[in-house]
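Each remark here refers to the structure printed beneath this line.
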């Protein structure tokens, strides 16, 4: 099972359970991602994602996206795509 970094968390919205992240590679709904940082390490599936407050199925490199997560993420956490 391989992993590669596809983005970085830029903000955590705790009340919503949403992480804002900047992508360096494309990301799609259904992709498995791992969030890893100093105190963060969990894997989840992207179930929904937004760009500019609009639901999208896919985001491209350079996009700032909001992803609903089941656990807490922190600023500067790495977003790794799990193959």
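In the range 25-42, what residues are part of a loop (DSSP other than H, G, I, E, B) and over 10 Å from residue 79 (Cα atoms)?
Taking the range 25-42 as the starting set, the residues that turn out to be part of a loop (DSSP other than H, G, I, E, B) are 25-26, 29-31, 37-40.
Within the range 25-42, 25, 26, 29, 30, 31, 38, 39, 40 qualify.
Report, by residue number, each residue of the range 31-83 that is surrounded by fewer than 12 Cβ atoms within 10 Å (Cβ to Cβ), in contact (Cβ under 8 Å) with a residue 60 or more places away in the chain and either touching a helix residue (DSSP H, G or I) at 6+ places or on another chain (Cβ under 9 Å) or farther than 13 Å from residue 20 by Cα (or both).
83
Find the residue count for the range 7-24, including only residues that are within 17 Å of residue 61 (Cβ to Cβ) and part of a strand (DSSP E or B).
Residues in the range 7-24 being within 17 Å of residue 61 (Cβ to Cβ) and part of a strand (DSSP E or B): 8 in total.
FYI, it's all coordinate maths here, none of it is from the lab. What you are looking at is a predicted structure, and each value in this text was computed from that prediction instead of being measured. Glycine also receives a Cβ, built like all others from the backbone with ideal geometry; neighbour counts cover every protein chain displayed.
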